[in-house]
Amino acid sequence: MGFFSSSIWIFATFLAFTVAVAVIASLKTKGDKLDTADGYFLASRSLPGYVIAGSLLLTNLSAEQLVGLNGQSWATNMSPSAFEVGSIFTLLFLAHYFLPRYLKMGTTTIPAMMEERFGKGVKLMFSMIIVLMYSFLNLPVILYSGAVAFVRIFNFDSYFGGDLFRAVVVLSVVIGIIGAAYAIFGGLKAVAVSDTINGIGLLIAGFMIPFIALFVLGKETGGSGIADGWNYLLNTEPEKMNAWSAWNSAQPNLPWPLIFTGMLFSNLYWWCCNQSFVQRSLAAKNLAEGQKGAIYCGFLKCLGPLYLILPGIIAYHLPSIQETINSSSSPIDMAYPALIASVVPKPIMGFFAAVLFGAILSSFNSVLNSACTMFTLDIVKDTKFGKGKSDANLVKISKTYGTIAAVIAICIAPFVMYANGITTFLNSLANFLSLPVLCTVLGVLWFRRAPKFTPYLITVIHFVVYGAFLIIAPCYPGTTEEIHYLYAMAVLFPIYLVIMYILQKVRPSAEYEVPNVHAVDLTPWKYRWHFTIAGLIVAVVFYLVFSPLGIAA
């Protein structure tokens, strides 16, 4: 049944929640100084912890994850949970180590911080690559993947005679225009506030799905409700509930050693050095609120398996949707949409649609906002077009670029469906950048006497070695299964640290002193260690419960 034809009630609830988010975001940003650089790009450094937590969560979460991670768990087990629960470790690194130093330095963008240590060339190198990647790859893929997820779950293409391309075009235009409006006209605060509200909606809707699905599973397997559905999961194939995959398991499994190595190193980039994520924390009103936001987000990520992993496991067992999934050209991508279409009651389908729409919007407007920030402050500001410009003029330049980037993304997005493997290529490209950016940031904070050419050397080495790894695609010993790409991260990151240490000893430069610009109050959060210990306990308990020692016995 089509999305709009299912019922007027579905459309009404969808529209009500979507409009409510826009109204609240507008009211919350009313009177804000959006003609200053700090006001537009960093929300006047005024964000409280709960807003930072919600915005961090929604920046990371997209429709592609809802469909993708649940599809991976449908095909494997609980091991993809590591991408959620494992994030708490790097968010704690952000709260305790990276953020205090970023705020002390008054950091606005990561490339700008690099410039102070390694020079303008390093800043331009990274900022230009990242802005191009955001503008011509990330944004179109976010629009496309979000539109396709929406089409699959709500059969939106039925209004276009089953024409997927036309449906994607319409959704890309709608999502692109609304997302751009938040990012361009509202600045970072409007993006963060809307993310927080959508985050609350996502948690409510996300938590409902597994309970509803377990109820349906219990009914379909001869039981009477949720408890019977849960018992069916535990007793039928308990190995599906295991979050620990063998060291040489093939993708989309996540081999257990990578939880503590490759994935951890990759996440250090995403959560601690990626502009679209870190920018929320840089806008904190003080260090305490920034630490609250990062740690709260860590707890929220630990809840991720409930709505990003468990529904996929339930979909694997639910008899009524097996034919729909298995008859699809891509069963792994159909598992979650088929589950939603089957179990979600019509009265709340509109709310779920609005939450999914909000998650897509959040990813789009967050990346667009970061692209505008880096383009304006890291590229244009140092050219003849930006030198001597007032903050108001720089904001105008940012809005103009944001409009152009949004239009380009909308135009490219529908054609992504004809470029086979574009999402895989995008993920590979992100890993080309992850370790060079992370190592350069650590060169600012740790290796303060490393020579200024260090970032160039690490970047060249990584591009060559990691590129060779992807091309050669080596296999696990004695198998035909390709080695997980995160094993490359696990090996290369320590090697780069050793190279930077040797360079610091052999070719030392003048020691870099981390400045203190007194941008915000740097008093740490009083209860940071209490919540840190609690978060670590939650993560440990999760991995004990979902293991052969627990319910996966």
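The values are calculated or read from the model by the stated rules, or taken from the named source; none is laboratory data. As the structure is a prediction and not an experimental result, all values here were calculated from the model. We place every Cβ from the backbone using ideal geometry, glycine too, and count neighbours over all the protein chains shown. What goes into the accessible areas is simple: the full protein's heavy atoms, side chains included, and nothing from ligands, DNA or RNA. Shrake-Rupley method; radii C 1.70, N 1.55, O 1.52, S 1.80 Å.
Overview of results
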| quantity | calculated |
| --- | --- |
| R0 of 35 Å, Cβ-Cβ distance residue 471-residue 415: FRET efficiency to nearest 0.05 | 0.85 |
| Full-stretch length increase - residue 392, residue 460 - with 0.36 nm per residue and alpha-carbon distance subtracted | 20.7 nm |
| Fully extended contour minus Cα-Cα distance, from residue 445 to residue 219, at 0.36 nm per residue | 75.7 nm |
| Estimated vicinal HN-Hα couplings, Hz - the range 547-553 in sequence order (Karplus 6.51, -1.76, 1.60; Gly, Pro = x) | 8, x, 7, x, 7, 8, 4 |
| Listed residues 288, 263, 332: farthest to the positive end of the dipole of the chain (Cβ charges) | 288 |
| Separation of alpha-carbon centers, the range 299-352 and the range 49-104, rounded to whole Å | 20 Å |
| Theoretical ellipticity at 222 nm over the chain - DSSP helices of four or more residues, -39500 (n - 2.57) apiece, nearest 500 | -22500 deg cm²/dmol |
| Calculated FRET value between residue 159 and residue 507, using beta carbons and R₀ = 60 Å, to 0.05 | 0.40 |
| Vicinal HN-Hα couplings computed from phi for the range 351-365 (Karplus, 6.51 cos²θ - 1.76 cosθ + 1.60; Hz; Gly/Pro x) | 5, 5, 4, 5, 5, 4, 4, x, 5, 5, 4, 4, 4, 5, 6 |
| Residue 381 - accessible surface, heavy atoms, 1.4 Å probe, Å² rounded to 10 | 90 Å² |
| Lys, Arg +1 and Asp, Glu -1 on Cβ, resulting dipole of the chain about Cα centre, debye, nearest 20 | 1800 debye |
| Paramagnetic reach from residue 495 (point 7 Å along Cα→Cβ, amide N under 20 Å) across the range 458-481 | 458-477 |
| Overall form of the range 437-553 per C-alpha gyration tensor (a/c, 1.5; a/b vs b/c) | oblate |
| Residue 235/residue 200 FRET efficiency (R0 41 Å; Cβ-Cβ; nearest 0.05) | 0.70 |
| Distance in nm between pseudo-label sites at residue 533 and residue 124 (7 Å out along the Cβ direction from Cα) | 5.1 nm |
| Label-point separation, residue 327 to residue 453 (7 Å along Cα→Cβ), nm | 6.4 nm |
| Estimated distance in nm for a label pair at residue 549 and residue 170, the labels positioned 7 Å out from Cα along Cα-to-Cβ | 5.3 nm |
